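Report on the structure given below.
Bear in mind these aren't lab numbers, they're just calculated from the coordinates by the rules spelled out. Because the structure is a prediction, the values reported are computed rather than measured. All Cβ positions, glycine included, derive from the backbone under ideal geometry; neighbour counts span all protein chains shown.
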Amino acid sequence: MKKPVLIITLAVLPLVVQADEPFHAESFHRQKCTGCHDTSVYTRSNRRVNSLPRLESQVRMCDANLGIKLFDDDLHALVDYLDKNYYKFDK
Ligand code: HEC
């Protein structure tokens with residue numbers, strides 16, 4: 001008769017693990033940031049963002065549009081991800 005309890009415990013475990021997961025900029029970006037525009041806006045010739053501070057404020061604006069309100073650490077990780085992969089500003 002102990003089996004159902006064990007099954008429930010195993011079913012809940014992945015949820016707990018997920019809540020503790022560190023922020024992954026790449027998967028967050030893939031899931032949340034490609035709904036309104038794709039990555040081509042980051043590399044188009046007339047892109048508007050031309051410095052790291054502007055990139056940060058743009059990401060903040062898009063984050064606010066999404067209504068997610070990322071923590072600062074996560075937002076910086078996301079800015080870093082975009083910089084490394086697309087913008088490549090010198091630091
Ligand atoms: C609610 C719609 C929406 C979502 C969701 C969204 N964006 Fe945007 N984003 C925009 C619009 C609109 C622009 C301006 C596009 C333009 O100028 O043509 C933009 C522009 C940008 C730019 C500037 C591109 C340039 O010209 O250099 C960056 C960077 C950016 N978004 C990042 C993000 C990130 C990171 C996320 C996920 C947190 C995100 N966006 C999610 C609407 C959105």
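The chymotrypsin sites (Phe, Trp or Tyr not before Pro) of the stretch 20-91 that DSSP puts in a loop, and whose beta carbon has at most 10 other beta carbons within 10 Å, are 71. Counting other Cβ atoms within 10 Å as a rough exposure proxy, the listed residues 21, 26 run 21, 26 from fewest neighbours to most. Annotation for residue 37 and residue 73: the two label points, set 7 Å from Cα along the Cα-Cβ direction, are 2.9 nm apart.
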